[in-house]
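Note sheet for the following structure.
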Amino acid sequence: MLKDGGSNIDLKSRKVLRTLTKKNPSDLVLVIGTGVSAAVAPGVPALRSWRCCIEAVIDAAEQFEVLHPGDIVEFRKRALREQDLLVVAHDLIRKMSPRTGDNTPSFFQDCLMEVFDDLETHIQNPTILESIISLMDKGATVLTTNYDNLLELYGQKIGKPMESLDLNDKAKVMQWAQSRLQYGVLHIHGLYTRPCGMILDPSGYKDVAQDNVLLDELQSLYCRKSFVFLGCGETLRDQIFQALFLYTMPNKVSMEHYMLVRKENADAFYKLQADMLLNGIKLMSYGESFTNFPLYLTGLSALICKA
């Protein structure tokens, strides 16, 4: 049962796995997906999902007249029908960049700056961020697949020395992987304020891949720490996540990781549970409604920190 009387949290209908609540925060890697940002700032459509983010960028490109109307139509169709949205995002960036393929200068940054304008003022539910930061206070490592920096903005507001990292800064990434940057947040796809750090397919991280020491350090994290997926949907299918953490894992079943999910449909939930166990991931349902997510995560964080 998930209960913390000191914080007036009592979720009698939900269970929490003791193997997770008994872990030390320093043994955890928190993987932040779009669900976290969507709960924190529900008023920003681009934060609701990767698909919504791409659609918002396409809308901004239309407003700024940086893409041909025919391209706008085609990208909207692709955003709706294609499953691999990273490929769509990659092609969208290239279309708004110089023909050399270099993404500096690029209209893509202008579109992202428009989409994520004044993010801090849109924070409506900071309890999730507070829960994540409380785990960071006690040593948890954090990475995200998101472009936004809501966590860092809020952390700085409450006096934490938060730092955004991307894969271009290998020295900092090494420090992060070795738990020497307590308040560092690794954006494996880059950050909207630094489009040069955006990596959208495996070829984009070649500098990291060619650094065997760094790559070994990253991939060892999946063996020696427990990943906790928060607000994540298709993260395990993400090519960059796979390349950084999964490619060299011969036996993922022996791992012990966790994923918080919504249980909308019993059949779908138990099928996903069986699939995830093949990757050493235990599912934990926070309820049938997304509105339960912030309260569940707050209680879970309190239990882990108390332990």
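The values are calculated or read from the model by the stated rules, or taken from the named source; none is laboratory data. All values derive from a computational prediction rather than experimental measurement. Here the Cβ is made from the backbone with ideal geometry for all residues, glycine too, and neighbour counts use every protein chain on show.
The single condition among (1) under 20 Å from His187 (Cβ atoms); (2) in a helix (DSSP H, G or I) that Glu74 does not meet is (1).
For Gln178, the conditions (1) surrounded by fewer than 19 Cβ atoms within 10 Å (Cβ to Cβ); (2) more than 16 Å from Leu30 (Cα to Cα) are fulfilled apart from (2). Just for segment 39-59: of the residues that are surrounded by fewer than 20 Cβ atoms within 10 Å (Cβ to Cβ) and small (Gly, Ala, Ser), which one is nearest to the chain's Cα centre (by Cα)? Residue satisfying both the conditions and the ranking: Ser49. The numbered conditions (1) surrounded by 20 or more Cβ atoms within 10 Å (Cβ to Cβ); (2) assigned to a helix (DSSP H, G or I) are all true for Met113 except (1). The residue that is modelled with the highest pLDDT, counting only those in segment 1-36 that are of a type in the set (S, T, N, Q), assigned to a helix (DSSP H, G or I) and out of contact with any strand residue (DSSP E or B) (no Cβ under 9 Å at 6 or more places or on another chain), is Thr34. Only one of the listed residues (Arg94, Arg76) is of a type in the set (D, E, K, R) and either modelled with pLDDT under 85 or touching a His at 6+ places or on another chain (Cβ under 8 Å) (or both). That residue is Arg94.
Any residue that is closer than 23 Å to Phe229 by Cα, of a type in the set (Phe, Trp, Tyr), at pLDDT below 90 and in a loop (DSSP other than H, G, I, E, B) - is there at least one of those in segment 140-159? The answer is yes, given that some residue of segment 140-159 is closer than 23 Å to Phe229 by Cα, of a type in the set (Phe, Trp, Tyr), at pLDDT below 90 and in a loop (DSSP other than H, G, I, E, B). Within segment 269-297, the only residue that satisfies the criterion of being among the hydroxyl-bearing types (Ser, Thr, Tyr) and more than 27 Å from Ala41 (Cα to Cα) is Tyr270.
Candidates Ile123, Ile158, Ile133: the one that is in contact with a helix residue (DSSP H, G or I) (Cβ under 9 Å, 6 or more places away or on another chain), surrounded by fewer than 23 Cβ atoms within 10 Å (Cβ to Cβ) and closer than 23 Å to Ala60 by Cβ is Ile123. One residue alone among Leu215, Leu297, Leu272, Leu236 is under 16 Å from the mean Cα position of the chain (by Cα), part of a helix (DSSP H, G or I) and at pLDDT 85 or above, and that residue is Leu297.
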